[in-house]
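A.B. asks: I have a structure here, written as structure tokens, and I will follow up with some questions on it.
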Amino acid sequence: MAASRGAVVLKTVKKIIVQFCPFESNVRSTREFLIMVGSEKARATNMNCEVFTEVKHDRSEPTVDITFVDGERLMMKGSKLTTQEMLSALQTRCSAKDPQAKAGDKK
Amino acid sequence: MAATLCGRLFPKSGWLPLTQSVRHGSKAVTRHRKPVHFLKQKMMAVTEYIPPIPAAPPGALAPRVRKTEEESALAVLLRKDLETLFKECKMIAVVQNNAINAEDLMVLRHKLKRHNISVKFFPNQVTRSFLSNSIYSNMLPLFVGQTVIIVSKEPKVKEMLQVLKHSPQMVLLGACIENTLLSYQGILNYSKLPSMITIQGELVSGLTMMTSRTVSMLRHHPVHLSALLQQYVKQQDPGDSTNVVTDKDTSTIQETAA
């Protein structure tokens, strides 16, 4: 169940904070998202990106808070989202910010 | 021939002509395909063979019973291992690892070994099947994704927390310490608890504080009196200072009155 495009590219991401409560039943997708984002490949794309995890026990929803390099923030509430959806949302935003640099390189 | 046919075809009045009269009908056996007589056609249409609807194949009716695969021997072994672990070890912590390096893992293991804490990997399926049958079924939701179990016989939480602080990829999810399920905050609070001896001492001192206070209050008067009398005796011996004596008397009288 890897991401559709292989590894996640985190070049434009500054910080990722993942909060969840492991005793809830709706955290599976958030946890898998965390594994995908925290994997070696993903971290290798950007060594400056920090991934923080907070484990809570207050029955709150699992949330993913991503801060991009240009200051934009993406909040995802993962209780009803699948891992794929979260990854694709992140990737579209990353590639939207990135192609300005990539297109410049290609050309 | 056609006229005779038509005559037979209209026995009752009011019947519509059923067939067209043929001028020269062909014989029964012809070289070309002879058009079937309409009556015969109708008869054949009515008596067409309707095959019986085949009953659903036996496979479709009965619910597909998934063959309960016999657990592989390895799974049985791992299960037994888990059972012994849970029985022996007082502290079992569940940690999620986000792709820890092999070298980091080795360093972590080494640091934990010093305190007799071991790191174990088990496949989630085996763990889940084991937990669902045991009393620890509330730990089931913890075992999702890549998990590592950290076990130790003594609940050495502080050391474990310190070691895990150094590796940010290992996320502590929960722990079962002395058969009580604890969350992350619970683990932190547990680590801050003082040792058993201090707690017992505190408890004992708290309980006896009341009684000791009562005792001291009851004894307060005679103790004070005896102390004063002793001092009086001491002062009587060296010299006769009547002022001091009268002061002493008045002060004792005041105390006993109060």
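Taken together, the values in this text are just the output of simple stated rules run on the coordinates, not laboratory data. Just so it is clear, the structure is predicted and the values come from calculations on it, not from any experiment. With ideal geometry, Cβ positions are generated from the backbone for all residues, glycine too; neighbour counts draw on all protein chains shown.
A.B. asks: Taking every pair of Cα atoms in chain A, average 1/r, invert it to obtain the Kirkwood radius, and report Rg/Rh to two decimals.
C.D. replies: My calculation of the ratio gives 0.98.
A.B. asks: How would you rank B:112-123, B:143-154, highest first, on the average number of other Cβ atoms within 10 Å across their residues?
C.D. replies: Sorting B:112-123, B:143-154 by mean packing, highest first, produces B:143-154, B:112-123.
A.B. asks: What average count of beta carbons from other chains do you get within 10 Å of the Cβ of residues in B:177-184?
C.D. replies: Taking all residues of B:177-184 together, the mean is 2.
A.B. asks: Taking each residue in B:139-145, count the Cβ atoms of any other chain within 10 Å of its Cβ, then average. What number comes out?
C.D. replies: Numbers: counts 2, 2, 8, 3, 1, 8, 9.
Going residue by residue through B:139-145 and averaging, the value is 5.
A.B. asks: Next up: Counting only other residues whose beta carbon sits under 9 Å from that of B:Lys90, what net charge do I get with K and R as +1, D and E as -1?
C.D. replies: Overall, the nearby charge balance is -2.
A.B. asks: Say each of B:Lys234 and B:Arg31 gets a label point 7 Å from the Cα, pointing the same way as Cα to Cβ; how far apart are those two points in nm?
C.D. replies: With each label point 7 Å from Cα toward Cβ, the separation is 16.0 nm.
A.B. asks: Report ³J(HN,Hα) in whole Hz for each residue of the range B:213-229, in order, from the Karplus equation J = 6.51 cos²θ - 1.76 cosθ + 1.60 where θ = phi - 60°; Gly and Pro get x.
C.D. replies: Karplus values, whole Hz, x for Gly and Pro: 5, 4, 4, 5, 5, 5, 7, 4, 5, x, 5, 4, 4, 5, 4, 5, 4.
A.B. asks: Using amide H atoms built in the peptide plane, which far-off residues or other-chain residues are under 5 Å from A:Lys14 H to H?
C.D. replies: A:Thr67, A:Phe68, A:Val69
A.B. asks: Sticking with this structure for a sec: Strictly greater than 13 Å: what percent of every Cα pair in the range B:88-136 meets that?
C.D. replies: 69
A.B. asks: If you don't mind, there's one more thing I want to ask. Under the rule of at least 5 residues apart or a separate chain, name every residue whose amide H is placed under 5 Å from the amide H of B:Leu182.
C.D. replies: Correct list: B:Ala175, B:Cys176, B:Ile177.
A.B. asks: Still on this structure, I have one more. Can you give me the distance in nm between label points at B:Arg219 and B:Lys67, each placed 7 Å from the Cα along the Cα-to-Cβ direction?
C.D. replies: The two pseudo-label positions are separated by 8.4 nm.
A.B. asks: Give the dimensionless ratio obtained when the Cα radius of gyration of the range B:52-102 is divided by 2.2 N^0.38 Å.
C.D. replies: Dividing the Cα Rg of the range B:52-102 by 2.2 N^0.38 Å gives 2.28.
A.B. asks: For B:Phe122, list long-range residues whose amide hydrogen, built 1.01 Å from N in the peptide plane, is under 5 Å from its own amide hydrogen.
C.D. replies: B:Ile149
A.B. asks: For peptide A:49-57, how many partner chain Cβ atoms fall within 10 Å of a residue's Cβ, on average?
C.D. replies: Counting Cβ atoms of other protein chains within 10 Å of each residue's Cβ and averaging gives 4.
A.B. asks: Moving on. Taking the DSSP beta bridges in the range A:1-93 as the whole, what percent of them are antiparallel, to the nearest 5?
C.D. replies: Beta bridges within the range A:1-93, antiparallel portion: roughly 65 percent.
A.B. asks: Working from Cα positions, state the angle (0 to 90°, nearest 10) between the long axis of helix A:28-37 and the longest principal axis of chain A.
C.D. replies: 30
A.B. asks: I'd like the orientation of helix A:83-97 relative to chain A: the angle between its Cα long axis and the longest Cα principal axis, in ° from 0 to 90, rounded to 10.
C.D. replies: It works out to around 30 degrees.
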